[in-house]
Every structure is written in structure tokens, then in C-alpha cells.
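Single-structure report; data block below.
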Amino acid sequence: MRTFSKYLFVLLPLCVSACTSAPIQENPGTPLEKTQWRLARLEGKSVPPSGKSAYLLLEAGRLNGFGGCNRLVGSYKLEGANLEFSAPAGTLMACMDAISQQENAFIQRIPQVKSWAIQGQTLRLGDATDAIILELEAEPPLTPEP
């Protein structure tokens, strides 16, 4: 028992440090970066998939995406469980009101993101209070045409 408690004393601080600084990622096969994340829930409401679904793609500090009508670009900073985005810039295409409203709400939420977690194929993005503000689903990788 004495030996066990000695190791516990050494390992417990390491676990606490690692557990608080690392994001929750239950499926290490779905990486945050280099995965196309389709918008699935916005403001707590489901977003049905469509031919032109909103998505985010993160790679090497750069955000690329689509809001439903306009292309999006921006930057992000990733440090463990912390994720912060710049306000994305986008093209200025005219689109239907319903799509425009959804796109605007999506774009407004992106800079509010402060944390992330992946569970299965779902990316949950949280704000400063850890409330989930966006949920995105991993898109299957594109298969090249023969």
C-alpha cells in the first residue's frame, strides 16, 4: 500500500494537468484538423443537411468553409482544449432570406468559440461558459473519381 500511494502522489498531478489541458476526443480517428465539419446544430436547433450545407475545414491555423451561401475564410488558434477563431470573412453573394439568416447566425457564433470536443463523429464547440453553441458532423472523405 505504501508503494502504491507513493506512485499515486506522483501520477495524480500529472493526470490532473493532462486532463484539464487536453480536449475530449473520444474517437481519435476523427481529427479536428483536416476534417470537413458540416453544421448539424445551430442555436440548439437541428440544421438539415442539404446539397450546399454549411461547413468548416481547419488546417494549419487557417479556417476555410461555407456558410450556406458564401465561402468563409479566417484563422484560428488551437491550444489543447482551447480553440479561438478570428471573425471570418466571406464572399458577398445574395441568397434567400432563410439561408441568409442561418448563415449570419453561424458566422456570428464562430468568433464566440473558446473550446472544442469530439465525440464520435460530432464536433461540439463551446463558448466562454462551456455552453455548446455549434455542433458539426464529420463529412466522409471525398473519394477520387476513377
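Table for the structure above
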item	result
Subset of the stretch 10-52 (residues that are at pLDDT 90 or above, within 22 Å of Asn104 (Cβ to Cβ) and crowded, with 16+ Cβ neighbours inside 10 Å)	Gln36, Trp37, Arg38, Leu39, Ala40, Arg41, Leu42
Residues satisfying the stated conditions in the stretch 73-109, i.e. aromatic (Phe, Trp, Tyr) and over 15 Å from Ile133 (Cα atoms)	Tyr76
Checking Ala87 against (1) in contact with a Pro (Cβ under 7 Å, 6 or more places away or on another chain); (2) closer than 24 Å to Thr30 by Cα, the condition it does not meet	(2)
Test result for Leu123, in contact with a strand residue (DSSP E or B) (Cβ under 9 Å, 6 or more places away or on another chain), assigned to a strand (DSSP E or B), under 12 Å from Glu43 (Cα atoms) and in contact (Cβ under 8 Å) with a residue 60 or more places away in the chain	no
Residue list for the stretch 64-104, filter: of a type in the set (Ser, Thr, Tyr), buried (at least 16 other Cβ atoms within 10 Å of the Cβ) and within 20 Å of the chain's Cα centre (by Cα)	Tyr76
Enumeration of residues in the stretch 91-117 that are in a helix (DSSP H, G or I) and within 15 Å of Leu56 (Cβ to Cβ)	Gln102, Glu103, Ala105, Phe106, Ile107, Gln108, Arg109, Ile110, Pro111, Gln112
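The values are calculated or read from the model by the stated rules, or taken from the named source; none is laboratory data. On a predicted model such as this, the values are computed, not experimentally measured, just so you know. Virtual Cβ from ideal backbone geometry, glycine too; neighbours counted across all protein chains shown.
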